[in-house]
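The block underneath contains the structure these notes are about, expressed in C-alpha cells.
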Amino acid sequence: MLIVKKQQQAIDEIFASKIISCEDLASTKRQVAKKYKIGILRNSDILKKYKQQQSRGAMTTLLNLKKVLRKRPVRTLSGIAPVAVLTKPYPCPGKCVYCPSEKNVPQSYLSNEPAVMRAIRCDYDPYKQVSLRLRALKANGHEPTKIELIVIGGTWSVLPEKYKYWYIKECFKAANEFEKIKSIKIKTRNSDIKCEIKKLKQQLLQEQKKNEKTKYKIIGITLETRPDYINEEELLEMRKLGATRVELGVQAIDDKILKLNKRGHDVEKIASATELLKNFGFKVTYHIMPNLPGATVKKDLAMFKSLFNDERFQPDQIKLYPTVVTRNSLLYKWWQEGKYKSYPDKVLQNLIVKCKKIVPQYVRIIRLIRDIPKESIIAGNKITNLRQIMKDQNVKCECIRCREAKNKQLQINNFKLQIINYPTLNGQEYFIQAVDKKDNTLFGFCRLRLPARNTKHATFSTLSNAALIRELHVYGELVSVGQKKKIQHAGLGKQLMLMAEKIALNNGFKKIVVISGVGVRGYYRKLGYRLKDSYMVKA
C-alpha cells in the first residue's frame with residue numbers, strides 16, 4: 001500500500017509540473033522516481049490516472065501532457081487507427097524463390113515478426129487480435145474510433161469461403177463489442193465457423209449494420225492477394241466483406257524477372273488486375289521488391305519510373321520491400337551457391353532515394369522495408385529505420401505520407417484546392433487535394449475516377465455509367481465524431497466531395513458511386529448518398 005501511495009504522489013507531482021515535451025516528461029519521471037524511491041513510472045500508468053482525473057472533470061488544462069504521454073503518436077496522426085490482423089496458415093498457390101516457408105506460419109511470414117507474434121499469441125483468432133490491438137492503442141493514449149483493418153497472411157483469395165466470411169464477421173464483432181468487453185478469453189472463438197455459409201453471411205451483415213452506429217467503427221478494410229486471382233467475382237465478394245483497398249503482390253513489372261522468381265503470372269495480369277480493381281472503386285497498393293534475382297539497379301529504377309509513366313499501372317500506394325535472404329527459401333540456396341548477391345547498403349539507399357524523388361503527389365509510400373527482425377536476415381538490407389535516415393539526410397519526397405498534415409492545425413482560410421489529373425488504362429483519374437498555400441502541406445484529398453464506357457463490370461449495374469470516388473481522406477490527428485474540431489470534422493471532406501461531383505457532372509456523368517467503408521456510411525448519407533450493393537450511390 002505504501003508503494004501505491006508513493007506512486008500516486010509521484011503522479012500528482014507530474015500533473016502539477018509544466019510538461020510540454022517528451023524530454024520534459026522523461027526528466028520529471030526520473031526526478032519523482034528518485035524523490036519517492038520508486039521505479040520509473042510507465043506512461044500507461046500515468047495515462048490511466050489522467051483519465052480517472054479527467055472523468056471527474058479535472059485537468060482540462062493538461063491536454064499537452066496527454067499528447068506527450070501518448071506512445072507512438074504517429075499511429076493515429078494520419079486520421080485513422082491502423083489495426084493489422086493475420087489469417088491462420090493455409091497452403092499458398094505461389095512458389096516464389098524469395099518466400100520463406102515456416103511451419104505454422106502463413107507463407108512469406110516469419111514467426112518472429114511483431115505482427116505474427118501477436119497473432120500466434122491469439123491463436124490467429126481475429127476477434128482476439130482486434131480486441132487486443134484496440135486495447136493496446138487505448139492504453140498508449142490513442143482513441144481508435146476510426147479503424148483501418150489490415151488483413152495480412154498471404155493470398156486472401158485462396159482461403160475457404162466460410163473462413164473468409166467468419167473471419168471478417170469476427171473482426172466487426174470485436175469492434176462492436178469493444179466498449180463492453182472486460183477481458184479477452186484465452187479460448188479461441190471459432191465454434192460458429194462450422195455454420196452454413198448463408199448464416200455466416202447474415203451474421204456478417206448484422207455486424208456491419210451495428211458497426212455503422214457503434215463507437216469503434218471499421219472505416220476501411222485492406223486485403224492482400226495476387227494479381228492472377230483478381231476477377232469480377234472475387235471483387236464482388238470483397239465488397240460484400242467491406243473491403244475498400246487491395247494490396248497486390250506485384251514485386252516487378254518485367255516478365256523475365258517474374259518468371260525467374262517463379263511468380264506464376266506475367267505483367268499483363270498485373271495491368272488487367274489494376275484496371276479491374278480501379279473500375280470497382282478499390283484503392284490499389286503495389287508491393288515492389290528491388291534487388292530481385294535477375295534485376296539490376298538500372299532495371300529497378302526503370303521499372304519504378306514505369307509505374308507512373310505507363311497508364312497500365314499507376315498505383316495509389318506503394319510498399320517498397322527490398323529483397324532479403326532468409327532461411328527456408330530457395331533464394332537462400334541460390335545465395336549459398338553464389339548465384340545471387342544483394343546490393344550493398346549504400347547502393348540500395350541511393351536507389352530508394354532516386355525512387356522517392358520521382359513519386360507523384362497522388363501516391364503514398366506506405367513502407368520502405370518489411371518488418372523482418374535483423375537476426376532473420378542472412379543477406380540484404382538490415383537497416384530498420386531507413387525512412388528516418390533519409391529524413392536526416394534531407395531527402396525530399398512529394399509522396400502523400402511525406403506531405404500529410406499530421407498534427408498541424410488547419411487555418412480554414414489558408415488552404416487551396418488543387419486538381420491533378422492523369423490517364424490510366426480505360427479511365428481518367430482526378431486527384432483533388434487541399435494543400436497549405438505556403439508550404440504544400442497536405443490536409444486532405446479525394447480520388448475520383450471517370451471510367452471509360454467499356455468498363456469491365458458490365459454485369460454489375462450499380463457501377464455502370466458511374467463516376468467513382470475511390471478514396472476520401474482528411475489528414476491530421478484522429479478526432480472522434482462529436483469531439484473538438486481540428487482538421488477532421490472541419491468541413492474539408494465536404495468541399496472535396498463537392499469538387500469531385502462538379503468534375504463528374506461536367507464530364508457527363510449523372511451518377512456517382514463511393515466505395516465507402518462500413519463505418520463511414522453515415523457520413524455519406526448526410527451528403528445525399530444511399531446504400532446500394534455495398535456502395536454509396538448518388539444520382
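A short reminder: the numbers here are calculations on the coordinates, not readings from a lab. A quick note: this is a predicted structure, and the numbers were derived from the prediction, not measured. We place every Cβ from the backbone using ideal geometry, glycine too, and count neighbours over all the protein chains shown.
Structure notes:
- Global geometry of segment 243-403, whether rounded, prolate or oblate, following the gyration tensor of its Cα atoms and the 1.5 cut on a/c: oblate
- Of all aspartates and glutamates in the structure, those lying under 18 Å Cα to Cα from Lys146, and not within fewer than 8 positions of it along the same chain, are Glu170, Glu177, Glu179, Glu207, Glu212, Glu404, Glu471, Glu477.
- Applying a DSSP loop filter and a limit of 15 other Cβ atoms within 10 Å to the trypsin sites (Lys or Arg not before Pro) in segment 265-373 leaves Arg327, Lys339, Lys341.
- Cα centroid separation - segment 330-359 against segment 429-449, whole Å: 33
- Across Lys416/Lys502; Lys305/Lys382; Lys305/Lys341; Lys217/Lys510; Lys95/Lys382; Lys278/Lys357, pairs whose alpha-carbon gap is larger than 27 Å: Lys217/Lys510
- Volume per residue of the convex hull around the Cα atoms, evaluated for segment 80-149, comes out as 104 Å³.
- Restricting segment 129-186 to GluC sites (Glu not before Pro) in coil, as DSSP defines it, with at most 12 other Cβ within 10 Å: Glu179
- Take every Cα pair under 8 Å whose residues are at least 6 apart in sequence, average their separation, divide by the length of segment 256-360, and the relative contact order is 27 percent.
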